[in-house]
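Asks: Pasting a structure below so you can have a look.
Rule-based calculations on the coordinates, nothing more; no lab input. Because the structure is a prediction, the values reported are computed rather than measured. When we count neighbours, we look across all protein chains shown, and the Cβ atoms used for this are built from the backbone with ideal geometry, even at glycine.
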Amino acid sequence: MTQPETEEPWAAQRDASWYDRPNVRTNKVVHVGRPDSWSRCGRSFLDDEMTWDPQGVSESLRCRSNGCRQAWPAP
Ligand SMILES: [Zn+2]
């Protein structure tokens, strides 16, 4: 893992390489990341090669599962 462990908030899509048949629609969901590269909702391992500033992630792409939902910055 190359992601430095900082307190900086970050967001990413799940790492689709974990799935045999990545679902394109589901792939567009962006999760808030934890330092260990899992999503805050605990559902997905994230692709830490391509991350976003959480502030810049559009409302419609944000993961709304418990954990991620509370982590998004207020608009
Ligand atoms: Zn999530």
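Asks: Kindly provide the set of residues from the stretch 51-75 that are hydroxyl-bearing (Ser, Thr, Tyr) and surrounded by 10 or more Cβ atoms within 10 Å (Cβ to Cβ), ordered by number.
Replies: Once the filter is applied, which keeps residues that are hydroxyl-bearing (Ser, Thr, Tyr) and surrounded by 10 or more Cβ atoms within 10 Å (Cβ to Cβ), the stretch 51-75 yields THR51, SER65.
Asks: Another question, if that's okay. Search the stretch 53-75 for residues that are among the acidic types (Asp, Glu) and pair each with any residue that is within 15 Å of the ligand (Cβ to nearest atom) when their beta-carbon atoms are under 9 Å apart and the residues are at least 6 apart or on different chains.
Replies: Listed by first residue and then by second, the contacts come to ASP53/PRO9; ASP53/TRP10; ASP53/ALA11; GLU59/TRP72.
Asks: While we're here: Go through the stretch 29-75 and count every residue that is assigned to a strand (DSSP E or B), within 14 Å of the ligand (Cβ to nearest atom) and hydrophobic (A, V, I, L, M, F, W, C).
Replies: Going through the stretch 29-75 one residue at a time, the tally reaches 6.
Asks: How many of the residues in the stretch 26-75 are acidic (Asp, Glu) and over 14 Å from PRO9 (Cβ atoms)?
Replies: 4
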